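Readers should treat all values here as calculations from the given coordinates under stated rules, not as data from a laboratory. Computed from a predicted model, the values in this text were never measured in an experiment. A quick note on method: Cβ atoms are made from the backbone with ideal geometry, for glycine too, and the neighbour counts reach across all protein chains shown.
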Amino acid sequence: MKAEAYLFGQVLGTHSFLLRGGFLKPDEYSEIDAQYFLPGGETGTAATVLSSLGVNVRMDGTHIGTAVAPMLREFYQYKTVDLSPLQFVSDDPGVMDYVVIAGLVRSPMGRFQTLFSGDQKWWSTPREEDIIGCRAAAVDPFFREESDKVAEICLKHGIPYVTIDSPHDTFLHKHAAVNVVSGECLHNHYNGASKEEVMPLLQETAEGLVIITSGGGEMMYGRKGEEVKYMKPFSVEVKSTLGAGDTYKAGCVYALLHGMSDEELVRFASACSGIAISRFPLPLNPPTLKEVNALIAKGN
């Protein structure tokens, strides 16, 4: 399988729990409507979505442990996702997270602060031979110099890449074809400054397109020296927001592969995300190209 897109970043086993009757309340019982153990993480979810859209994907990133490996191999067995760059380890159960969901509200739990605070790296070193030949890429910013290394290889070979939540003063942001910035990033890196305050800074330091998403609010997008544009997200019935941002990233990669304009890219990625939040669990029901095009035709 010749890979069209290379993805590098978080590949996890996600335990998800969809609750009935609202979110958790202290000292009160909650009924679980559905629960699953499926591939997750920003890169794992994006790979699943891109495969559903008809893209051949190669992915690397998180080390895959003994508890995650069987599920991951079985899930991607008949999908257009190449797992060969991933490092499978036998001395650790692997990275997992646990997500409780009730409609618009979700709460993820994990051990990422502990994992990132140690000296040991639990992710791969990207290899140039895995990236050469791909026509687009996506890079999660979490893996320090390894994330930057992917960007450097992409620049060397003229491969456009999408990143997420990369602040204005980072290498990843500066050279990205698309940087998708969430409200969480604004809160964590800009002391909760508004998107109107941060957008000019992101534009001025970017070589590519900057998008700021706002959940159910308007998206802002633009390039250096251009007027900022706005777009409303698609109106859908929300079942779960888990994977919405990862699906948006996948939509951006697909748009790069197909030479879409900025407006077309933002609309396509938004439609992908809109379909994603209307269903649960996302990995078993990823958006198809037919569904995305139908939602775009229907309009915001």
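Computed over the chain with a Gaussian network model linking Cα atoms closer than 10 Å, the most mobile of GLU196, GLU28, GLU152 is GLU28. Of the residues ILE32, ILE131, ILE159, the one that moves most in a GNM of the chain with alpha-carbon contacts below 10 Å is ILE32. Label sites at GLN113 and LEU284, each approximated as a point 7 angstrom past Cα along Cα to Cβ, lie 3.3 nm apart. Of the residues ARG223, ARG106, ARG144, the one that moves most in a GNM of the chain with alpha-carbon contacts below 10 Å is ARG144.
Within a straight-line Cα-Cα reach of under 18 Å, LYS298 can be paired with the following lysines, leaving aside sequence neighbours fewer than 8 residues apart in one chain: LYS232, LYS290. Where both partners of a DSSP beta bridge lie in region 5-298, what percent of those bridges are antiparallel, to the nearest 5? Within region 5-298, antiparallel bridges account for around 45 percent of the total. Label-to-label distance, GLU152 versus ILE132, with points set 7 angstrom from Cα along the beta-carbon direction: 1.7 nm. Peptide packing for 259-267, 278-286 was compared via the average number of neighbouring C-beta atoms within 10 Å per residue; ordered from the highest value, the list is 278-286, 259-267.
Under 13 Å from the Cβ of LEU284, count the other residues' Cβ atoms, weight Lys and Arg +1, Asp and Glu -1, and hand me the total. Residues close to LEU284 contribute a combined charge of +2.
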